[in-house]
Structures are given as C-alpha cells and as structure tokens.
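Read the figures in this text as sums done on the coordinates, not as results from a lab. Bear in mind the structure is a predicted one, so any value in this text is a computation, not a measurement. Neighbour counts are summed over all protein chains in view; Cβ atoms, including those assigned to glycine, are modelled from backbone coordinates with ideal geometry.
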Amino acid sequence: MSFCLEPRGPAVINLRVVTAPLVAALLISSAADAASVTNRDDRDHSVTIIEGDTDKSHIVKPHAVLEGICQKGCLIRLDDGKDDPYELEGSEVTSIEDGQLYDDEQGSLATPNAGDASPPSQPGSR
C-alpha cells in the first residue's frame, strides 16, 4: 500500500514554522526590557510595584525572582515601607539583600541622606 501526498514546493511556507520563532522573540525581548527583583535574603519580602496610578503587591520568597516588571519604569516599595520608593527605569536587574534593594550592576539604589557624603578633600591636605 502506498500513500500519495500532495507535493509542496519551496514557495509554500508552514505558518507555524514562521510564527513560533517570532512570538518567542517578542516574548524574550519584552522580558529582557523589563526589570527583575531577586530575593537574596533568607526571609520573605513584600514588593509593591507602582506604575502610574496602579500598584500591585507581591510576596517574594527567599531566593525567588520576580520577573517581567516595570517595562516602562516604575517605583518599588519594599516591605510596605513609608520611605521614598526606589525608582526603576524598566530594565534593571536588581536584588534584595539585607532588606535593601540593589542594582546588580551598580550597587545600592538607596539615595544617601544629606550630609552622608564627606566633603571633597583640598589639594595638599590629608
């Protein structure tokens, strides 16, 4: 018994073969443009994401990652703190360590208080 299949020429393209990689690329690029928060502490942290007029709270377990947040920038408040929130542009890779939010490439995201910085040294003085 033989089966005869309709021949396909090189001009016929399977739509699934083309669509799947495009969808994957869009998902990867949008996730790559979004910020993430990794909890490096040994306790849960509450992370509130404030984008425009909306805010959403998440509980981030120890060593878990909250991904795909702040695609266009946002404010982040840790553990319902009343202090000024951290500001993200939307592509930072951040982590929580000792209850502080750090940019994994830059260091602490906290803004120093006035008077925390030492004055510049004068030439010739020690």
For peptides 49-61, 85-97, sequence by mean Cβ density within 10 Å, most packed first
85-97, 49-61
Per DSSP, the loop-located trypsin sites (Lys or Arg not before Pro) within the stretch 61-105 having at most 13 other beta carbons within 10 Å are 72, 82
Under the rule a/c < 1.5 gives rounded, and otherwise a/b versus b/c splits prolate from oblate, where does the stretch 43-110 land using the Cα gyration tensor?
rounded
At 7 Å along the Cα-to-beta-carbon direction for both residue 83 and residue 42, put a label point, then send me their distance in nm to one decimal.
2.2
Scoring the stretch 35-102 by relative contact order with C-alpha pairs under 8 Å, at least six apart, yields a percentage of 39
